[in-house]
Amino acid sequence: MKIESIDIYGYGKWSQQTFDQLTDLQVFLGDNEAGKSTLSSFIQTIFFGFPSARKKDSNLYLPKQGDSYGGRLFLSGTRFGKVIVERMKDRNRGKAVLTYENGQQEVVDHLASYLLGVDRQTYELLYVFKIDRLLDLSRVKKEDL
């Protein structure tokens with residue numbers, strides 16, 4: 001599966017922002033507060049749901065400019081072909097809406113089955129590289145790899 005394009009309606013600092021022409025291995029580089037972590041959180045939100053307001057330690061990434069809270073990912077290489085995954089906080093109780101190549105839509109409670117069983121924790125371990133985790137790698141011994 002590949003993310004072909006990212007379309008953010010409103011999420012944290014990002015408002016009406018599109019990222020397209022993404023490569024197979026995409027690296028987002030920028031200064032502190034450039035929006036890298038916000039973008040990473042957005043992708044996770046589209047796949048796994050909005051951050052919980054009940055958890056005091058999580059950032060909700062509410063839109064700064066009052067835009068619709070959410071957006072969509074354009075995916076290719078899924079077992080369903082090209083798919084658009086859209087999630088908005090104020091629609092379908094925050095559930096994901098899948099749009100297939102033939103135009104058919106489906107509201108989905110949990111996307112893990114569509115992501116070949118990848119849950120949020122596995123996704124974070126495999127696909128999200130944060131500085132604290134990368135620093136932990138420096139402690140891994142060669143023979144352990």
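The values are calculated or read from the model by the stated rules, or taken from the named source; none is laboratory data. Being a predicted model, the structure only gives us computed values, none of them experimental. All Cβ positions, glycine included, derive from the backbone under ideal geometry; neighbour counts span all protein chains shown. Areas reflect the complete protein model, heavy atoms only, side chains present, ligands, DNA and RNA absent. Shrake-Rupley method; radii C 1.70, N 1.55, O 1.52, S 1.80 Å.
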Study note, to complete from the structure: Quick count over the stretch 70-97, residues being open to solvent by less than 20 Å² (accessible area, probe 1.4 Å) and either of a type in the set (Lys, Arg) or part of a loop (DSSP other than H, G, I, E, B) (or both), is 1
Exercise for review: Determine if the stretch 30-45 includes at least one residue that is open to solvent by 30 Å² or more (accessible area, probe 1.4 Å), closer than 26 Å to Val108 by Cβ and among the β-branched types (Val, Ile, Thr).
Suggested key: no
Check your understanding: Name the pairs: first residue in the stretch 72-95 and touching a residue at least 24 places away in the same chain (Cβ under 8 Å), second residue of a type in the set (Lys, Arg), Cβ to Cβ under 7 Å, at least 6 apart or on different chains?
Key -> Leu75/Lys2; Leu75/Lys82; Ser76/Lys2; Ser76/Lys82; Gly77/Lys2; Val85/Arg72; Glu86/Arg72; Gly94/Arg87
Review point. Can you tell me which residues in the stretch 6-25 are closer than 22 Å to Ala112 by Cβ and either out of contact with any Pro (no Cβ under 9 Å at 6 or more places or on another chain) or part of a loop (DSSP other than H, G, I, E, B) (or both)?
Key: Ile6
